[in-house]
Amino acid sequence: METYDKAKAFETARPQLLGVAYRLLGTLAEAEDAVQDTAYKWFSNTGTLPDNATAWLTSVCTNRCLDILRSVHRKRTDYVGPWLPEQFQSDFAESAETQLEVASSLTTAFLLLLERLTPRERAAYLLHDIFGQPFSDVASALGLSVEHCRKLASRARQMIAQERVRYVPSQDQQGQLLKTFKDALATGNPGPLAAVLSAEVDLRADSGGKVTAIQHVLNGREEVLAFITGVLSGAWSDLQLLSATVNGLASLVVTRGEVPEAVVSFAFAEDGKIRSVYILRHPEKLQKFVNTTLASEGAGLVMSDGYH
């Protein structure tokens with residue numbers, strides 16, 4: 001039986017716990033609650049210490065997240081308008097290649113697709129494919145057989161591959177697309193932006209019904225372009241348009257002075273065009289965005305390409 005410092009073991013595991021919880025739940029507040037609940041159970045446990053502290057903590061945190069998902073299902077169902085995950089400002093010290101790989105599991109498009117999976121599919125896929133846990137540990141965490149967990153992860157992997165939500169263009173391409181978007185807002189000229197929008201582009205805004213925002217999803221290049229250059233361009237004409245890295249991608253923060261009015265992020269098609277525009281307007285989520293900047297380690301960005 002391994003002997004170790006419980007406090008140090010928890011701090012070592014904490015980035016992974018937060019990373020798993022955020023991807024499972026889509027909100028930083030709920031993710032932090034799940035990690036805190038895990039910490040309470042860890043430090044109040046007076047029994048024999050587990051051989052693998054991180055595996056034990058991840059199992060407890062994952063199951064706490066599954067409990068939270070069950071409790072918030074009704075809240076998500078009754079949500080006013082489209083729901084978007086909370087966003088955070090991200091700071092990476094790794095290589096550009098690693099940044100893109102990390103960002104691919106943090107994008108709004110990826111998190112929204114996870115919402116369409118069953119909670120167990122989501123957990124099995126994240127624990128194995130993103131955080132590199134062997135299926136034996138995944139099975140232990142979920143209380144299922146190894147074969148069942150393999151099937152759960154496989155179904156999730158197939159859907160994610162089909163939707164291509166993990167595609168992320170280079171940082172230079174992201175920067176160019178963001179500049180084109182900002183120019184369209186500043187000038188109202190639709191021409192350059194039209195050239196970089198996918199024909200099937202969609203746009204959705206999350207206000208939770210608390211502030212003014214479009215409450216249905218716009219579909220198609222013409223409809224999205226008309227809204228951006230004909231509505232947003234005028235509505236945001238006296239606001240500041242600031243570039244920022246949000247959930248690993250080049251994004252736009254719209255502010256009035258130092259107060260954020262919106263965060264705009266994107267999903268990209270494999271031809272390099274913008275296929276989705278996400279506008280975060282919910283005041284409480286924007287407040288969380290202002291107060292939260294995570295480095296890659298803090299977001300629990302442990303990657304693995306292997307299958308075990």
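What follows draws every value from the coordinates through simple rules; no lab data is involved. This one's a predicted model, so the numbers in the text were calculated from it and none came from an experiment. As a convention, Cβ positions derive from the backbone with ideal geometry for all residues, glycine included, and neighbour counts pool all protein chains shown.
For segment 1-158, the square roots of the Cα gyration tensor eigenvalues, ordered a ≥ b ≥ c, give a/c below 1.5, which places it in the rounded category. When the chain is treated as a GNM, springs tying every alpha-carbon pair under 10 Å, which of PRO82, PRO15, PRO192 comes out with the largest mean-square fluctuation? Looking only at PRO82, PRO15, PRO192, the biggest GNM fluctuation is shown by PRO192. Of the residues GLN133, GLN215, GLN158, the one that moves most in a GNM of the chain with alpha-carbon contacts below 10 Å is GLN158.
When segment 108-165 is described by a simple charge dipole with +1 on each Lys and Arg Cβ and -1 on each Asp and Glu Cβ, the residue from ALA123, ALA161, ALA139 located farthest towards its positive end is ALA161.
Rounding to the nearest 20 debye, state how big the charge dipole of the chain is about its Cα centre with +1 on each Lys and Arg Cβ and -1 on each Asp and Glu Cβ.
Values: 30 positive and 36 negative charges, 154 e Å.
In debye, rounded to 20, the chain gives about 740.
The residue among ALA9, GLN36, ASN63 whose Cα reaches farthest toward the positive pole of the charge dipole of segment 1-78, with charges on the beta-carbon of Lys, Arg, Asp and Glu, is ASN63. Restricting attention to the chain, lysine pairs at least eight places apart or on different chains and with alpha-carbon atoms under 23 angstrom apart total 10.
With +1 on each Lys and Arg Cβ and -1 on each Asp and Glu Cβ, and nothing else charged, work out how big the dipole of segment 108-165 is about its Cα centre, in Debye to the nearest 20.
Numbers: 8 positive and 6 negative charges, 30 e Å.
Roughly 140 debye, rounded to the nearest 20.
Can you give the charge dipole size of segment 171-293 about its Cα centre, rounded to the nearest 20 debye, using +1 on the beta carbon of Lys and Arg and -1 on the beta carbon of Asp and Glu?
On the way: 11 positive and 13 negative charges, 51 e Å.
In debye, rounded to 20, segment 171-293 gives about 240.
If each DSSP helix of 4+ residues adds -39,500 (n - 2.57) and the sum is divided by the residues in the chain, what number results at 222 nm, nearest 500 deg cm²/dmol?
-15500 deg cm²/dmol
When the chain is modelled as a GNM with alpha-carbon springs shorter than 10 Å, which of LEU152, LEU144, LEU225 fluctuates the most? Comparing LEU152, LEU144, LEU225 in a Gaussian network model of the chain, the most mobile one is LEU144.
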